[in-house]
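The values are calculated or read from the model by the stated rules, or taken from the named source; none is laboratory data. Remember, it's a predicted structure, so these values are computed and weren't measured experimentally. We place every Cβ from the backbone using ideal geometry, glycine too, and count neighbours over all the protein chains shown. Surface accessibility is based on the protein's heavy atoms, side chains included, excluding ligands, DNA and RNA. Shrake-Rupley method; radii C 1.70, N 1.55, O 1.52, S 1.80 Å.
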Amino acid sequence: MLLGLVRSRLGEAGVTALLTGAEETRDVELLGDDTSWSSYGQFRRLLEVAGALLVDAGGLQAIGEAEELGRTSSPEIAHVLVQFGSPIAATMAMRDLPNSIYPIMNIEPQVGGPAHLVWRRRLAAGFEPFPELCTFVTALMPQLVRLFGLRVLAVEEVACQCRGDAECISEVRWDETEDLTVQLNLMRTRMEIAESRLAAFQDNVKDIVSDDALDAVLRRIVRSAARSMHAPGFILAVESVTDGIQLYTDGVTVEEAERLLAHDPGYVSVDVESRHRRYGRLVAVAPAASVSHEQAALHSYARLAATALDSAFALEQARREAQTAQALLQLSTSLAALTSVEELASRLADAIPDVVDCDCSAVLLISDGFARVAAHRGYPDDVVDELAKLAIPMGTRSDYHFQSRTLEEMSSLGRELMQASGLRAIATAPLTVDGATVGILVGSVRRDADRIVADSSLKQRFAGLAGQATVALRNSRLLEQIRHQSLHDPLTGLPNRALILDRAEQMLSRGRRSHTAPCALFIDLDGFKEINDTLGHDVGDQLLQELAGRLKGTLRAEDTAGRLGGDEFVVLVECGSADAELHAIAERILAVLREPVRIASLERPLAVSASIGIAVGERACAADMLRDADIAVYDAKAAGKGCYRVFAPEMALAMAARAELGQRLFLADQCGSSQPAAAPDLVKSGPPRVPGPRRS
């Protein structure tokens, strides 16, 4: 890490100056080997010279800000630490690791708080503390925090042996906020660690296979066995990294090998296995007695094949981890900008095949006790229609967990769908938000069922997907809740003024295209103020809620009922006929609102009526339509209430005259004049007034 810091800040010339100044005789490759050791004197010289070289380049403390060095200098250690899930868990689980790296010190980590670690350290007898060592070790502390994608808030050395204290005490604090940004940083960290491990594995495989592909190495192993052992033929049957069982032969054909392995004539056979797993077997096609003295050599070739396969499988696993980390990183980036649950489901369905290595994917969301397909990928067209109809009863269970099953283990419905899609195995994982299962992630394969049922890392990769989705889903639901609250009346749940105006504008636009008659019904309850004044606002609120429910239940699905405020409601309808259908709707609304309402706190039901003003036909804008409907309400009130009136232009003229008279009387009263003063011009430019709440 020290070499990496100097190289990143000062280039290769800086590394050369460091080694020369420290009188270092070892080469860079040896110094960069994790298995090599340095003496106290060697490391002290390196630190002191590096500190002097870096004075104008951030100093030794810059090691704490070089995030990539913590991930790439020792990728295996970084990989182990990240698996613990948090800086504190990793520190306490691996508390002896620093002492094994720095045996000249006694290092003791302590938990200072939920996002606070304290490190106490003291050099062993015979080793003198020096400032560069304290600075370097303290500066390393943020590297652990940044491995988890978290933001370091402060690093402080509160005591130091160089200053005469009994021990050195360093503290680090960080921001433990968990949001999409943190998850994005963590996915990036894991991707970089996986890529570093992949590079290390590639170097390892290169040494084993001598720059050849695994397939060529295994063939060479069989040929070498045939040249050194006295048997007419050899068969190497192993599980391939990607294509199931593979046969490598010498002296027999593949078809003969398949027949011999199926009947097992008793030839000499040894397992191809390592400490990690069993891959298959190596067979000498000869009676056991004739080659018994050569079984040790056969075991040697089997171990050589197992070593090559270990490296190849490790390389494939590292490649898969890098691919998974990359896919999760891309998913994190895309989820950060989502605004709806539907978009989330679509992105998840796209990401599942990359993370899980499957052929088909689906995302089911749970509502009203049923799980329904919200998004899918890879299914044939004739199955898509069936997926759209699928509604799986979920009941009240909340203990859903990861499952992987073959075709034969499925229920009749699941087996039918899988057969129609040509699927062999399926894996499902719950999507949980705040302890409740809200969805199911699905991945399935058409070939090689072991890709699903025998993959030990599948559950962990599904968990990574679910973790990404949980934060995004919670944020998406919160956003939808805020959006709903901004457009709906909190008391009745009906659309509010803003949403009513928007839908009215849409209705007018449709009317111009389809030549239908857009209609707005302005509903004003009669006598509602007296109910509020005499029985209280709680009763008034319950009454409004009941009438809102009735109003909504009276209309068609395509109609809109909303509340402007107070006791004023609006209904938007599109009529094929501007007369008969509209009058029928108004009569139906009056009838349903006229029915008595029972309130739990009252002995007798309440009876109210309503006056309705109707504006029908083309208007310049939604505000004009609501204004005309509001004017018509006054006419209905004047006609005795409990009835409806359709707006006519003369109603507006009459209202303007009444308004002008009222204004003259008001001004005359204000001026103390016996003659009404001339009223100002009441007709102004600009958009018409949208009616507000009125009291009946």
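Things to note:
- Total residues in region 93-149 satisfying the condition of being of a type in the set (D, E, K, R) and under 14 Å from E167 (Cβ atoms): the figure is 4.
- Failed item in (1) more than 15 Å from L564 (Cβ to Cβ); (2) small (G, A, S); (3) in contact with a Phe, Trp or Tyr (Cβ under 7 Å, 6 or more places away or on another chain), with A600 passing the rest: (3)
- Residue check for R95: basic (K, R), modelled with pLDDT of 75 or more and under 23 Å from T135 (Cβ atoms): yes
- Residue within region 376-389 that is closer than 19 Å to K459 by Cα, surrounded by fewer than 18 Cβ atoms within 10 Å (Cβ to Cβ) and not acidic (D, E) present: no
- From the list V6, V49, V15, the lone residue that is aliphatic (A, V, I, L, M), assigned to a helix (DSSP H, G or I) and at pLDDT 95 or above is V49.
- Any chance P490 is in contact with a helix residue (DSSP H, G or I) (Cβ under 6 Å, 6 or more places away or on another chain), more than 30 Å from V82 (Cβ to Cβ) and outside any helix (DSSP H, G or I): no
- Among the residues making up region 108-165, a single one is part of a helix (DSSP H, G or I), open to solvent by 70 Å² or more (accessible area, probe 1.4 Å) and either within 15 Å of A90 (Cβ to Cβ) or basic (K, R) (or both): R163.
- Checking each residue in region 90-107 for being open to solvent by 40 Å² or more (accessible area, probe 1.4 Å) and either part of a strand (DSSP E or B) or of a type in the set (A, V, I, L, M, F, W, C) (or both) picks out M92, A93, M94, L97, I101, N106.
- Residue count for region 410-427, restricted to those that are in a helix (DSSP H, G or I) and among the aliphatic types (A, V, I, L, M): 4
- Filter pass, V592 being open to solvent by less than 80 Å² (accessible area, probe 1.4 Å), in contact (Cβ under 8 Å) with a residue 24 or more places away in the chain and not in a strand (DSSP E or B): yes
- Note on region 552-572: residues that are surrounded by fewer than 22 Cβ atoms within 10 Å (Cβ to Cβ) and not in a strand (DSSP E or B) total 9.
- Residues in region 585-602 that are within 12 Å of R550 (Cβ to Cβ) and touching a strand residue (DSSP E or B) at 6+ places or on another chain (Cβ under 9 Å): I589, L590, L593, R594, P596, V597.
- The one condition in (1) open to solvent by less than 60 Å² (accessible area, probe 1.4 Å); (2) assigned to a helix (DSSP H, G or I) that D524 fails to fulfil: (2)
Condition check ((1) at pLDDT below 85; (2) hydroxyl-bearing (S, T, Y)) across all residues:
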site	(1), (2)
R303	no, no
A308	yes, no
L315	yes, no
T333	yes, yes
A336	yes, no
R377	no, no
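- Hits in region 28-45 (condition: at pLDDT 90 or above and exposed (fewer than 14 other Cβ atoms within 10 Å of the Cβ)): S39, G41
- Members of region 227-266 that are assigned to a strand (DSSP E or B) and at pLDDT below 85: E239, I245
- Any chance Y634 is under 11 Å from F522 (Cα atoms) and open to solvent by 50 Å² or more (accessible area, probe 1.4 Å): yes
- All told, V373 falls short of being open to solvent by less than 30 Å² (accessible area, probe 1.4 Å), closer than 27 Å to S457 by Cα and either in contact with a strand residue (DSSP E or B) (Cβ under 9 Å, 6 or more places away or on another chain) or in contact (Cβ under 8 Å) with a residue 40 or more places away in the chain (or both).
- Residue among G642, G672 that is modelled with pLDDT of 75 or more and either more than 14 Å from D524 (Cα to Cα) or among the small types (G, A, S) (or both): G642
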